[in-house]
Every structure is written in C-alpha cells, then in structure tokens.
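One structure is given here, and the rest of the page talks about it.
Nothing in this text is a laboratory measurement; each read-out follows from the coordinates by a stated rule. Computed from a predicted structure; not experimentally measured. Cβ placement follows ideal geometry from the backbone for every residue including glycine, while neighbour counts extend to all protein chains displayed.
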C-alpha cells in the first residue's frame, strides 16, 4: 500500500509554505508528493488529479490540512467522497483525521451533513433575495444590448433580407444576438 501526499498553495509567493507542506508529508512517509500552486477557487487542480491517477484502492492520501483538498466545504467533501469510493484512505494532519477509523468516518459524515445544510441555506437565501429584488422592480442578469427600437430595426433588416453578419455589424452586436431576435428569443 502506497502513501501519496498532496500540497497546495494559492500563489507563487507562498513557496515556503509549499516546501513546509512537502517536507511534513515526506517525513510522514509519503512516497510521492503531488503539488498545485493554484487558488482554491479554481476547480481544476492538476496535481490533485495526478494524485488520483497514481493512487489505487488501499493506498493513502496524506494532506497537512483538510482544506487543501477543495475550494469550499462542499468541494472538499466531494473530493473526500471520491477518495472513499475508490477505496483510498485519507489522513489530514490538522484534524488528526483518518477516514478508516470510526471517529474519522463520524467527523466526515457530520461535515457532509453540515455542508448539505449550508448548501440548502444558500439556495434558499438566494431565492429569497431574488424574490425581494423582483418585488422592488429590479431584474437580474446582463442588460440588453438592443433597445426595443433596435429590435424593431433588426426585424425590419431581417425581413428585407440583409445577412445576419451585416445586421450585427450595423448595430454593433454579435451575430448570436441577431439570430436570437430572428428566433423570437429576444423580447
């Protein structure tokens, strides 16, 4: 059974932190350490993907901090669930967490429940906020690039047989906007 380490920092300025993480992981028996220098807000983490490809069922992934695995609680728990599905043991040093112990599984499941609750609250708050904004006459989304007079002009140009590209250039909009007007999607 192999042990892999995973270290992540958000910026190149944190290289000393990356070195510290790597050293700790190697001292604890990591045969290979995978690294990412990328913001936690980015979902694509090539080092973590490489670690997943390297690890097999029965192996262990070691991290210095649990939050290194994801950009949010939900994302971290998704990564943890993927590890569990693949039969890979997870050890997080900051929480002294081991996914193969009963206490470790309890903590993981509790965190998963809290993350689900947090996600549901966020959806509910967003829905309430949008309803409140609509009640005050505000509408979200990007502003329209064509006024109602512009839409009428585009329709007239389409009826006259002008090419979509030419109409788009005349109005300073994309061809997609013109095709949306033609399809009746732009009201």
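Side notes on the structure shown:
- Between 97, 62, 146, the GNM of the chain built on Cα springs shorter than 10 angstrom shows 146 fluctuating the most.
- Nearest 10 degrees, 0 to 90: helix 102-135 Cα axis against the chain principal axis: 20 degrees
- Shape summary of the chain, radius of gyration then Dmax from alpha carbon positions: 25.5, 75 Å.
- Here the alpha carbons of the range 3-113 define both size measures, Rg and Dmax, at 12.9, 38 Å.
- Put simply, when 67-80, 127-140 are sorted by average Cβ atoms within 10 angstrom per residue, most first, you get 67-80, 127-140.
- Stokes-Einstein D (µm²/s) once Rh is taken as the Kirkwood radius of the range 79-187 over alpha-carbon pairs, at 4 °C in 1.567 mPa s: 68 µm²/s
- Based on C-alpha pairs under 8 angstrom that are at least 6 apart in sequence, the chain has a relative contact order of 14 percent.
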